[in-house]
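*Asks:* Sharing a structure with you now.
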Amino acid sequence: MRNPFTLQIKSLFALTSALLLTIACGAAIAFAHPHPQSDVPSAVANPTVPPGARIDPTHVIYKWSSQIEWRGRPGGPQMAALVGDSRKPGFYIVLMKFPPHLMSHPHFHKYDRYATVISGTWWVGTGTKFDPDKMVPMPAGSFVTDLAGKVHYDGAKDEPVEIEICGQGPVTMTPAEAK
């Protein structure tokens, strides 16, 4: 027989872990993208630093948008790792750019994933039947949690979209489309 106190502690630990991950993602979003607007280019020139100004790298680590490395195939999704490696165990934060008309099909992930729409409109649907007409729009500034083991699909419709995804690696994507 299971000890109810042990189950409560495990539930509290899981809830605390999810909350801390959400807070970490939110902080990363706030500092990395203080003004999520679709008309702001994702790569701009480095800002002018006032003479004598500097940041102690033992206190703060940063990257200007021009220093972020994007990877991906032409015409496909682009990804930039900000923290960690989504292919390995541990916390990660990535930026993703999707060109217009790029959608995933029904799938699920092993761990919760937390996404914030930086620019454009991200479209989200649930269930095993892919139906773009029943997807819900998530405009810039929206926050989406893909719950572990729950089937969803998402993507860009008529405009490019940039999102930030935080989560626990390694990322898995298990197809779940009903044919």
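*Asks:* Confirm whether residue 153 is among the aromatic types (Phe, Trp, Tyr), touching a helix residue (DSSP H, G or I) at 6+ places or on another chain (Cβ under 6 Å), under 23 Å from residue 71 (Cα atoms) and in contact (Cβ under 8 Å) with a residue 12 or more places away in the chain. Reasoning before the result, please.
*Replies:* On the way: among the aromatic types (Phe, Trp, Tyr): yes; touching a helix residue (DSSP H, G or I) at 6+ places or on another chain (Cβ under 6 Å): no; under 23 Å from residue 71 (Cα atoms): yes; in contact (Cβ under 8 Å) with a residue 12 or more places away in the chain: yes.
For residue 153, the condition - among the aromatic types (Phe, Trp, Tyr), touching a helix residue (DSSP H, G or I) at 6+ places or on another chain (Cβ under 6 Å), under 23 Å from residue 71 (Cα atoms) and in contact (Cβ under 8 Å) with a residue 12 or more places away in the chain - is not met.
*Asks:* I'd like to verify a number: residues in the range 68-86 that are in contact (Cβ under 8 Å) with a residue 24 or more places away in the chain, surrounded by 15 or more Cβ atoms within 10 Å (Cβ to Cβ) and out of contact with any helix residue (DSSP H, G or I) (no Cβ under 9 Å at 6 or more places or on another chain), how many?
*Replies:* Selection size over the range 68-86: 3.
*Asks:* Return yes or no: is residue 120 touching a Phe, Trp or Tyr at 6+ places or on another chain (Cβ under 7 Å) and crowded, with 16+ Cβ neighbours inside 10 Å?
*Replies:* On the way: touching a Phe, Trp or Tyr at 6+ places or on another chain (Cβ under 7 Å): no; crowded, with 16+ Cβ neighbours inside 10 Å: yes.
Against the criterion (touching a Phe, Trp or Tyr at 6+ places or on another chain (Cβ under 7 Å) and crowded, with 16+ Cβ neighbours inside 10 Å), residue 120 does not qualify.
*Asks:* In this structure, does residue 93 turn out to be β-branched (Val, Ile, Thr), within 19 Å of residue 161 (Cβ to Cβ) and surrounded by 16 or more Cβ atoms within 10 Å (Cβ to Cβ)? Please lay out each step first, then the result.
*Replies:* Values: β-branched (Val, Ile, Thr): yes; within 19 Å of residue 161 (Cβ to Cβ): yes; surrounded by 16 or more Cβ atoms within 10 Å (Cβ to Cβ): yes.
So residue 93 passes the test.
*Asks:* Please enumerate the residues belonging to the range 38-82 that are at pLDDT 90 or above and of a type in the set (S, T, N, Q).
*Replies:* Result: 48, 58, 65, 66, 67, 78.
*Asks:* Say whether the condition of being aromatic (Phe, Trp, Tyr) and either surrounded by 16 or more Cβ atoms within 10 Å (Cβ to Cβ) or within 14 Å of residue 176 (Cα to Cα) (or both) is met by at least one residue in the range 131-150. Can you show your working first?
*Replies:* Looking only at the range 131-150, we keep the residues that are aromatic (Phe, Trp, Tyr), and these are 143.
Narrowing the set further to residues that are either surrounded by 16 or more Cβ atoms within 10 Å (Cβ to Cβ) or within 14 Å of residue 176 (Cα to Cα) (or both) leaves none.
Scanning the range 131-150, I find no residue that is aromatic (Phe, Trp, Tyr) and either surrounded by 16 or more Cβ atoms within 10 Å (Cβ to Cβ) or within 14 Å of residue 176 (Cα to Cα) (or both), so the answer is no.
*Asks:* For the range 137-179, which residues satisfy the criterion of being more than 14 Å from residue 104 (Cα to Cα) and of a type in the set (Val, Ile, Thr)?
*Replies:* 144, 145, 163, 165, 171
*Asks:* Another one. Residue 110: on the phi < 0 side of the Ramachandran plot, loosely packed, with under 15 Cβ neighbours inside 10 Å and in a loop (DSSP other than H, G, I, E, B), yes or no?
*Replies:* On the way: on the phi < 0 side of the Ramachandran plot: yes; loosely packed, with under 15 Cβ neighbours inside 10 Å: no; in a loop (DSSP other than H, G, I, E, B): yes.
Taking the combined requirement at face value, the residue does not satisfy it.
Listed here are the residues, each with its yes/no results for (1) at pLDDT 95 or above; (2) surrounded by 10 or more Cβ atoms within 10 Å (Cβ to Cβ); (3) within 22 Å of residue 137 (Cβ to Cβ); (4) within 14 Å of the chain's Cα centre (by Cα).
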{"residue": "26", "(1), (2), (3), (4)": "no, yes, yes, yes"}
{"residue": "30", "(1), (2), (3), (4)": "no, yes, no, yes"}
{"residue": "88", "(1), (2), (3), (4)": "yes, yes, no, no"}
{"residue": "101", "(1), (2), (3), (4)": "yes, yes, yes, no"}
{"residue": "114", "(1), (2), (3), (4)": "yes, yes, yes, yes"}
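*Asks:* Residues to consider are 76, 72; find the one that is of a type in the set (Gly, Ala, Ser), within 20 Å of residue 170 (Cα to Cα) and touching a strand residue (DSSP E or B) at 6+ places or on another chain (Cβ under 9 Å). Explain how you work it out, then say what you get.
*Replies:* Values: 76 fails: within 20 Å of residue 170 (Cα to Cα).
Result of the check over 76, 72: 72.
The values are calculated or read from the model by the stated rules, or taken from the named source; none is laboratory data. All figures in this text were calculated on a predicted structure; none of them were measured in a lab. For neighbour counting, all protein chains shown are included, and Cβ atoms are generated from backbone atoms with ideal geometry for every residue, glycine included.
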